[in-house]
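Inspection log for the structure reproduced underneath, given as structure tokens.
The values are calculated or read from the model by the stated rules, or taken from the named source; none is laboratory data. Please read these numbers as outputs of a predicted model, since none were measured by experiment. Here Cβ is always computed from backbone atoms with ideal geometry, including for glycine, and neighbour counts include all displayed protein chains.
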Amino acid sequence: MVNVSEKLEQGYIQSKVVIEIVGKPKEHVEEAIKKYLDLISKKEDIDILEKEIVPAKELENDDQGLFAIFAELEILTKDITVLMGFCFDYMPSSIEIIEPKEMKLKERDLTGIMNDLQGKLHKLDMGAKQLNNENQFLKQNAYFLATNLFAVLMKTGSRKLDQLSRLSGMSEKDTKEFLEKLIKQGHVKKEGEEYFWQNNDKREKQN
């Protein structure tokens, strides 16, 4: 049994936090929240005083079938640095400090917190840039694949918009937008309702 008063006298911080996990299926988020709590309970500088898991519920107005589950915790952390580390690692959706009512923050503690924050932000920035580069690569590959597909479909003869949409598996709106790009690039020509694939060699000689 944790002696809260004694811990507070030693400089511990008492807080209420809410941890939220969103995902699917339901069983996955239920298992994930249990693993989170198990990891927290093993931290030497963190004591869980109380915990309550709110049953998982399917998100309203969501067509992806996602579930949200919450864990409401009352915890003791050794100091402000440990509390900030907890926030960085477990990203609670809310936090309320109960005790102490006032805190004096030492310069070295603030320096450590700021350095940790900068490290986390740098890591997030690097991850975002990597995802952006991967996304651009995937978009470029998808563009080349779609271009080649339309080339094959039209080199055998002219096609109408609904035909190209059906054969490519794209919606008519997306097909039309993509064809407009190909027209601007000189790959495709439109006459009436018919789309033609232009001979690249001939087009280059004309230019």
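The figures follow:
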read-out: Yes/no for Leu110 being under 30 Å from Val4 (Cα atoms), among the aliphatic types (A, V, I, L, M) and surrounded by 11 or more Cβ atoms within 10 Å (Cβ to Cβ); value: yes
read-out: Cβ-Cβ under 6 Å pairs, at least 6 apart or on other chains, region 65-88 side in contact (Cβ under 8 Å) with a residue 40 or more places away in the chain and assigned to a helix (DSSP H, G or I), far side buried (at least 18 other Cβ atoms within 10 Å of the Cβ) and among the aliphatic types (A, V, I, L, M); value: Leu83/Ile13
read-out: Check on Glu9, closer than 28 Å to Asp116 by Cα and loosely packed, with under 12 Cβ neighbours inside 10 Å; value: yes
read-out: Complete set of residues in region 182-199 that are assigned to a helix (DSSP H, G or I) and surrounded by 14 or more Cβ atoms within 10 Å (Cβ to Cβ); value: Leu182, Ile183
read-out: Extreme residue, surrounded by the most Cβ atoms within 10 Å (Cβ to Cβ), among residues of region 148-161 that are in a helix (DSSP H, G or I) and in contact with a helix residue (DSSP H, G or I) (Cβ under 7 Å, 6 or more places away or on another chain); value: Phe150
read-out: Number of positions in region 2-43 that are over 30 Å from the mean Cα position of the chain (by Cα) and on the phi < 0 side of the Ramachandran plot; value: 12
read-out: Residue in region 55-93 that is modelled with the lowest pLDDT, counting only those that are under 28 Å from Arg108 (Cβ atoms) and polar (S, T, N, Q); value: Thr81
read-out: Among the candidates Glu96, Glu30, Glu20, residue that is touching a residue at least 24 places away in the same chain (Cβ under 8 Å) and assigned to a helix (DSSP H, G or I); value: Glu30
